[in-house]
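The values are calculated or read from the model by the stated rules, or taken from the named source; none is laboratory data. Keep in mind that this is a model prediction, so the values were computed, not measured. For accessibility, only protein heavy atoms count, side chains too; no ligands or nucleic acids. Shrake-Rupley method; radii C 1.70, N 1.55, O 1.52, S 1.80 Å.
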Amino acid sequence: MNETSDLLNVDSLFSSEELALRDKVRSFVDGTIRPNIATWYEQAVFPAEIIKDMAELGLLGMHLKGYGCPGRSAVEYGIAAMELEAGDSGLRTFVSVQGSLAMSAIYKHGSEEQKNQWLPQMAAGDVVGCFGLTEPTAGSDPGSMKTFARRDGDSWVINGSKRWIGLASIAQIAIIWAMTDDGVRGFIVPTDTPGFEATPIGPKLSMRASIQCDIELREVRLASTSVLPNAKGLRGPFECLNEARYGIIWGAMGAARDSYETVVSYSRERLQFDKPLAGHQLTQEKLVNMALEINKGMLLALQIGRLKEAGQLKPHHISVGKLNNCREAIQICRDARAMLGGNGITLDYSPLRHANNLESVRTYEGTDEVHTLILGNHITGIPAFR
Ligand SMILES: Cc1cc2nc3c(=O)[nH]c(=O)nc-3n(C[C@H](O)[C@H](O)[C@H](O)COP(=O)(O)OP(=O)(O)OC[C@H]3O[C@@H](n4cnc5c(N)ncnc54)[C@H](O)[C@@H]3O)c2cc1C
């Protein structure tokens, strides 16, 4: 936010290291993502060539410590997510899938051997990981998954299907969650294992500069050492999802801020009825409402980040942030699109691209309804999921 839009001096709540990181990621977004994003989006291209740049910036597994990971704080990770998503949600999603989902699964639930084998290569961007939880018939209710892993002597053999799995067609390893005789377990599956097949889903109207896939697993045979030893039950994937949801709380505000800034500058320049659009009272009201929600959303993200840093973060905190910030961000992006008039439907302006991306962001990592039900349960003590 610039000086006139940072209505509460939110910037003063960040340390100088946090602000320096913000500036570094912002300048990467300005130099590498902004000039190309319209083309990538229109052509539905994920720019794999910038993975190494993101690794060099310390964006992969950013908040993990040791094993070659950057070891930055929760707030620093959030700030990076916000700056990346001001560029495009698809690029923030890459960092989220790699760091918060695939690397976190190994970091939280893996053996020392698994961590040493995979995390340094993933932090360096040499190995891409994906995270396969959702299935064609198991989305909001992952406990109903049908993918099954059976023991066969010293091996595990997995059969099943996964859907919407980010990066799967370019990943070298997949974290696959499967039912076993012992409940849900996680497996590290090299994607060149016979029987593993990932097919990109398309055409999409959202997240066009990123990849999501269907995965088929047919008699995928793995060594006994492929299971994540410390993940038993749905707690395993849920702990990783909470990491990714945390990044979204910040990221959504990045998309909202970029849309807002676009429309502030457009409405100052564009003349209708003999004066700038920004000089009309109805326009000012829209800009003010956007700025209020962005300032509130930033404070919310920062409070959740400080709770995370203090080790006090609870699942309902995450739901407050994900539900509110996605809901407000998508509204801001849609309003900004309308304020651009006809020009707003072209890729020359970011708000409709952001709004379309946020349709995915409000759906993945728990839909609006799922987070509402989590909060409803927290407030009333009555689960209303089924
Ligand atoms: C771009 C994108 C990237 C993704 N990346 C990944 C990934 O990397 N890995 C992965 O495992 N998954 C991924 N997903 C999947 C995502 O997490 C699921 O789409 C999400 O959990 C919702 O599941 P679903 O699409 O099956 O919808 P459903 O669960 O079928 O829900 C459909 C609608 O019903 C509502 N609904 C469901 N249950 C209830 C209820 N109890 N009460 C009221 N309403 C309800 C939902 O809120 C939603 O509006 C991704 C999805 C997208 C779109």
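Per DSSP helix of 4 or more residues, -39500 (n - 2.57); summed, then divided by the residues of the chain. What does that give at 222 nm, rounded to the nearest 500? It would help to have the intermediate numbers written out before the result.
Values: 12 runs with 178 residues, N = 386.
Helix-only estimate at 222 nm: -15000 deg cm²/dmol.
In Å², and per residue, what accessible area does region 265-386 have when probed at 1.4 Å with the other protein chains present?
Values: 6550 Å² over 122 residues.
About 54 Å² of surface per residue is accessible.
With the alpha-carbon atoms as the only input, what is the per residue convex hull volume for region 1-150 in Å³? Provide the component values of the computation, followed by the final result.
Values: hull volume 24.3 nm³, N = 150.
With only Cα atoms used, region 1-150 gives 162 Å³ per residue.
Above 34 angstrom, tally the Cα pairs of the chain and express them as a % of all pairs, no decimals. Don't skip to the answer; put the middle values down first.
Values: 19980 of 74305 pairs.
More than 34 Å apart: 27 percent of the Cα pairs in the chain.
Share of the chain's accessible area from carbon and sulfur, percent, 1.4 Å? Walk me through the numbers on the way to the answer.
On the way: 8520 of 16300 Å².
About 52 percent, which is the carbon plus sulfur part of the accessible surface.
Enter the accessible area per residue of region 10-123 (Å², integer; probe 1.4 Å; all protein chains in place). Mind dumping the intermediate values first?
On the way: 3930 Å² over 114 residues.
Accessible area per residue, region 10-123: 34 Å².
For region 118-271, what is the convex hull volume of the alpha-carbon atoms per residue, in Å³? Working shown, then result.
Values: hull volume 21.9 nm³, N = 154.
For region 118-271, the hull spanned by Cα atoms encloses 142 Å³ per residue.
Past 32 Å, Cα to Cα, is the threshold; run LYS24/LYS146; LYS52/LYS286; LYS52/LYS296; LYS52/LYS308 against it and keep the listed order.
With Cα atoms farther than 32 Å apart: LYS24/LYS146; LYS52/LYS286; LYS52/LYS296.
Could you tell me how many degrees, from 0 to 90 and to the nearest 10, lie between the Cα long axis of helix 74-87 and the main elongation axis, the longest principal axis, of the Cα atoms of the chain?
For helix 74-87, the angle is close to 60 degrees.
I need the fraction of alpha carbon pairs in region 1-85 separated by more than 18 Å, rounded to a whole percent. Write down the numbers at each step before the final one.
Numbers: 1797 of 3570 pairs.
Roughly 50 percent, once rounded to a whole number.
Which residue, GLN272, GLN114, GLN303, has the most motion in a Gaussian network model of the chain that connects Cα atoms within less than 10 Å?
GLN272
How much space per residue, in cubic angstrom, does the convex hull of the C-alpha atoms of region 236-380 take up?
Details: hull volume 16.1 nm³, N = 145.
Hull volume normalised by residue count: 111 Å³.
Could I get the Rg over Rh figure for region 64-192? Both from C-alpha atoms, Rh via Kirkwood, rounded to two places. Spell out each step's value before the answer.
Details: Rg = 15.4 Å, Rh = 15.6 Å.
In region 64-192, Rg relative to Rh is 0.99.
With the calculation restricted to Cα positions, what are the radius of gyration and Dmax of region 173-262 in angstrom?
Answer for region 173-262, Rg first and Dmax second: 17.2, 54 Å.
Which one, ASP23, ASP182, ASP141, has the greatest fluctuation when you compute a Gaussian network model over the chain with C-alpha springs under 10 angstrom?
Maximum among the listed residues: ASP182.
Gaussian network model of the chain, Cα springs within a sub-10 Å range: biggest mean-square fluctuation belongs to which of PHE273, PHE196, PHE131?
Comparing PHE273, PHE196, PHE131 in a Gaussian network model of the chain, the most mobile one is PHE273.
Using the heavy atoms of the protein chains alone and a 1.4 angstrom probe, what is the accessible area of region 132-262 per residue in square angstrom? Write out the running numbers ahead of the final one.
Values: 4920 Å² over 131 residues.
Here the per-residue accessible area is 38 Å².
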